[in-house]
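Working notes, structure below.
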Amino acid sequence: MLFISKLFFSNALRLNRIHFSEMSVFVQKLNPITGINDWVVQNESYDYHQEVARSAFADMLHDTERNQLYEKALKDAIDRTHAKGKNANVLDIGTGTGLLSMMAARNGADSVIACEAFKPMSDCALKIIELNGFQDRIRVIPKRSTDLTVGEGGDLRERCNILVTEVFDTELIGEGALSTFSHAHKNLLERDSIVVPESATIYAQVVECPLVQNWNKVKDVFDMDGESLIKVPESIKNCAGSTAVHDIQLSQLPLNSFNTIVAPLPVLRFDWSGRTPFIYERSTINTVKAKQDGKAQAVFMWWELQMDTEGKIILSCAPCWAHPASKTKNDIDIPWRDHWMQAVYYLPKEVSVHKDQEINLLSCHDEYSLWFNLVEDLRISNTHYLNPICECGIHITFSRTRIGQMNDSRRNKKYIALLEKYVNSESQILVVSDGFFLALSAAKLGAKNIFFVETNRISRNILEEYIKVNRIENVTVIPSLDNLKEVNLRDVNIVLGEPYYITSILPWDNLMFLYLLKGMTKFVADDAQIFPKKAHIRGVAVHFKDLFKIRSPLRSCEGFLMKNFDELIEESCKISDDNVEAQPLWEYPGRALSSVADIAEIDLINIPEESLEHRGIFHIQGNMECNGIALWVDWNLDDSPDSTITTGPIRPIEIGKNIHWDMYTRQGVCLFPGRNHKEIEYNFKFDFHDGNITFKCL
């Protein structure tokens, strides 16, 4: 495409004129709006700064319950070791900021070894430990635990007798917990050492939940009268889907959105103490009775840690309805965690069950991941133990969010209404979106020809399967933009985009549609109708209940100063992160503090040549602190007020009340420490030439 090519070379020439210091490097960075891989100049430590920034101020350290339970269990382990007449020699694997090591020292540990393989963090831990006066009691070793040596001249003079570590993720074992604990027991710990935490238990709840199933199984497309327009190929309907973990804040799911088929039950236990062998691949079967009639569609999963040897100290990651604290506390008091969320695992196929019917729940894991299945016959073959793999391509090519968009009936009805309004027997339609299979409906509505630009190979194969199954003959699939000149498009009178592109992250990244249009003008008729017609970038000031913590400085944590860590994160964010990040805001409660601001209106037909820059003010109402600005895009398909596709709120915003967000897109959010200001100024700039959008709160 000529415009894209010229833009690329222009950027390349511009960057070649930049003077490089010894502290700078060239970094290739995809611009999701233009689709170009730009070469940009970055700090030479860009990679590690990016990794540090992604820790998002280690929201884990904002988790007060986690911190306090770890310290309580550490104190118990140290006291027990001393009661035996032994020195308490603590090994802290993956120390991060050094928090757990300082807790151990504060509670009487005789020696503390802290290992941290990530050099920027080990350097930071040294500074924090010194800042808090523990430099003579804690030794930091910048290595992986598996590289530590023991003995004369080694990293450890002798084996330790207490291990404390936090090597867990949403799946519990996804960060290599099994191998970490196993290696430590074999090489770094004394026999009968105390481990914090002692063990872990995984819980599973089998549910019928059409809402989450929308993120997994693609549905047929129907017209405005409810008649089937486009059928999903059987290969997609019958696909087992992806077993990749779908981490989610389950507590934010409406309680009426799911039916419990099997109540939460423990299905897998992991013993970190070393008293039993570590097993890297395992399956368990739980035979239980169904609580009610329904379709078993998915498994909700979470885990809990037994922190001490007696099981008195428990850290639970359960959602609100299953959390042990929910019996004694209000749900609002249950600890919020973004580092350890719950997860959804989709069953390979839906299973209809009846109340009191016996169900055999199969729970499996390998070294790093989990999966689940229902087994009708206990005399099962080995195939039931296999980790299901997507064979249709949908679950490989598209995100969960995108699959949800494909199934969003509200969105689909607006596209179908648009097609029914404008498509006729003379319609020659050019589709310039990724995976916009719904657009095939135009063929069923009488369009003369449809041209799909589908550059992703797997998505193109899926499209061709859709065409075959639905017996559509008047469709031409164009594999790349370079092939446009080989197709006679001068008769195209409708250009259609969803718009959606696989490379998009932020809502406005789908403005790639604008650049594709600019490059196609010579291939289509001058009077061609273009849908959508406009994009509106909008925002609202928000008080987030918890989400702001991922960008909030610690200052201190459990009485320890964290100044050096805050400075490291702030510096890294400035170097590697944009002000706006993508988040599924429906998972993060937030109250509106202002009316909706119309930040920018972009005409997708009369494409501007000049940059758009706008300054504005969010007028804060109420007494809550503002700690974030939420951003989204509304797409006007045509001039009808009913044709707007929103990626933002799905209900009118009310000041002081929680915002109800579209669950099938990720919004943009600019987070900052709470401000009591009554006005928050912002600056928005869209550089049309470079395809860069910036949003900053001043």
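Would you mind calculating the gained length between Asp526 and Ala244 on full extension (0.36 nm times residue separation, minus the Cα-Cα distance), in nm to one decimal?
Stretched out fully, the Asp526 to Ala244 stretch lengthens by 96.9 nm.
Suppose every Lys and Arg Cβ carries +1 and every Asp and Glu Cβ carries -1, with no other charges. What dipole size does segment 579-698 come out with about its Cα centre, to the nearest 20 debye?
780
Segment 112-170 to segment 251-320: how many Å between their Cα centroids?
Distance between centres, Cα-based: 32 Å.
Quantify how much of the Cα-Cα distance distribution of segment 59-196 extends past 20 Å, in percent.
So the portion of pairs separated by more than 20 Å is 43 percent.
What dipole magnitude, in Debye to the nearest 20, does the chain give about its Cα centre under +1 on Lys/Arg Cβ and -1 on Asp/Glu Cβ?
So the dipole magnitude of the chain works out to roughly 600 debye.
Going Cα to Cα from Lys127, which lysines come in below 22 Å? Please leave out same-chain ones fewer than 8 positions away.
Lys119, Lys143, Lys563, Lys574
Can you pull out the GluC sites (Glu not before Pro) in segment 426-512 whose DSSP state is coil and whose Cβ has at most 12 other Cβ atoms within 10 Å?
Sparse-neighbourhood loop GluC sites (Glu not before Pro): Glu426, Glu473.
For segment 534-697, evaluate the Debye formula with one uniform point scatterer on each Cα (no solvent term) and list log10 I(q)/I(0) at q = 0.11, 0.15, 0.19 Å⁻¹, rounded to two decimals.
-0.49, -0.89, -1.30
Between Asn483 and Leu698, what is the label-to-label distance in nm when each label sits 7 Å out along the Cα-to-Cβ direction?
4.9
For segment 462-539, run through the trypsin sites (Lys or Arg not before Pro) and keep only the ones in DSSP coil with at most 10 other Cβ atoms within 10 Å of their Cβ.
Answer by residue number: Arg471.
Asp220: net charge of surrounding residues, Cβ under 13 Å, Lys/Arg +1, Asp/Glu -1, itself excluded?
Local charge sum for Asp220: +2.
List the lysines whose Cα sits under 19 Å from the Cα of Lys231, skipping any in the same chain fewer than 8 residues away.
Once the sequence-local lysines are set aside, what remains near Lys231 is Lys217, Lys219, Lys349, Lys413, Lys414, Lys444, Lys468.
Tally Lys/Arg at +1 and Asp/Glu at -1 over every other residue whose Cβ is under 12 Å from the Cβ of Lys448; what's the total?
Neighbour charge sum, excluding Lys448 itself: -3.
Quick one: what are the phi-derived ³J(HN,Hα) couplings along segment 170-187, Karplus 6.51/-1.76/1.60 with θ = phi - 60°, whole Hz, x for glycine and proline?
Karplus-based 3J(HN,Hα) across segment 170-187 equals 4, 7, 6, 9, x, 9, x, 4, 4, 5, 4, 5, 4, 5, 4, 5, 6, 10 Hz.
Could you point to the residue in Leu148, Thr521, Val375 farthest towards the positive end of the chain's charge dipole, with +1 and -1 charges on the Cβ of Lys/Arg and Asp/Glu respectively?
The Cα lying farthest towards the positive end belongs to Val375.
Defining a contact as two alpha carbons under 8 Å apart and six or more residues distant in sequence, what relative contact order in percent does segment 534-697 show?
34
Give me the Kirkwood hydrodynamic radius of the chain in Å, from all C-alpha pairs, to one decimal place?
The answer is 28.0 Å.
Give me the percent of DSSP beta bridges within the chain that run antiparallel, rounded to the nearest 5.
Given both bridge residues lie in the chain, the antiparallel proportion sits at roughly 75 percent.
Would any residue of segment 475-490 have its amide N under 12 Å from a label point 7 Å out along Cα→Cβ of Arg457? List them or say none.
none
Normalise the Cα radius of gyration of segment 401-531 by 2.2 N^0.38 Å (N = residues in it) and let me know the number.
Relative to the 2.2 N^0.38 Å estimate, segment 401-531 comes out at 0.98.
Quick one: length gained pulling Leu612 to Ile285 fully straight, 0.36 nm per residue minus the C-alpha distance?
Separation in residues times 0.36 nm, less the Cα-Cα distance, equals 111.7 nm.
Once you charge only the Cβ atoms, +1 for Lys and Arg and -1 for Asp and Glu, what is the size of the charge dipole of segment 442-590 about its Cα centre, to the nearest 20 debye?
Here the size comes out at about 540 debye.
Provide, as a two-decimal number, the C-alpha radius of gyration of segment 200-397 over 2.2 N^0.38 Å, N being how many residues it has.
Ratio of Rg to 2.2 N^0.38 Å for segment 200-397: 1.10.
What is the angle, in °, between the Cα long axis of helix 2-16 and the longest principal axis of the Cα atoms in the chain? Nearest 10 is fine, range 0 to 90.
So the helix axis and the longest Cα principal axis differ by about 40 degrees.
Could you please rank Val288, Val232, placing first whichever residue has the fewest other Cβ atoms within 10 Å of its Cβ?
Going from least to most buried by this count: Val288, Val232.
Can I get the semi-axes of segment 145-266's equivalent ellipsoid? Compute them from the C-alpha gyration tensor as square roots of 5 times the eigenvalues, in angstrom, largest first.
Result for segment 145-266: semi-axes of 49, 17, 10 Å.
Just to confirm a number: summing +1 for Lys and Arg and -1 for Asp and Glu over residues other than Glu281 whose beta-carbon lies under 11 angstrom from that of Glu281, what do you get?
Value of the local net charge: -1.
For Ile575 and Glu158 in the same chain, what is the full-extension length gain: residue separation times 0.36 nm, less their Cα-Cα distance, in nm?
Computed gain between Ile575 and Glu158 is 146.0 nm.
Using DSSP to define loop residues, name the GluC sites (Glu not before Pro) in segment 187-243 whose beta-carbon has at most 14 other beta-carbon atoms within 10 Å.
Those that pass, being in a loop and sparsely packed, are Glu227.
Using helices alone, I'd like the mean residue ellipticity at 222 nm for the chain: each DSSP H run of four-plus residues gives -39500 (n - 2.57), total over residue count, nearest 500.
-6000 deg cm²/dmol
Which one of Val299, Ile569, Val262 has its Cα pushed farthest toward the positive end of the charge dipole of the chain, where Lys and Arg give +1 and Asp and Glu give -1 at the Cβ?
Farthest towards the positive end: Val262.
Considering the dipole of the chain built from charges on the beta carbon (Lys and Arg +1, Asp and Glu -1) around the Cα centre, which of Met224, Thr401, Trp336 is farthest to its positive end?
Selected residue: Trp336.
What is the distance in Å between the Cα centres of segment 345-360 and segment 194-246?
About 14 Å separates the Cα centre of segment 345-360 from the one of segment 194-246.
Ordered by residue, what ³J(HN,Hα) values in Hz, to whole numbers, does segment 511-520 give under the Karplus form 6.51 cos²θ - 1.76 cosθ + 1.60, where θ = phi - 60° and Gly and Pro are x?
With coefficients 6.51, -1.76 and 1.60, one gets 5, 3, 3, 4, 6, 5, 4, 4, x, 9 Hz.
Tell me, what HN-Hα J-couplings in whole Hz come from the Karplus equation 6.51 cos²θ - 1.76 cosθ + 1.60 at θ = phi - 60° for each residue of segment 144-150, using x for Gly and Pro?
6, 4, 6, 9, 5, 10, 10
Each value in this text was obtained by applying a stated rule to the coordinates, not by laboratory testing. These numbers come from a predicted model, not from an experiment. Counting neighbours? That spans all protein chains shown, and the Cβs are built from the backbone with ideal geometry, glycine included.
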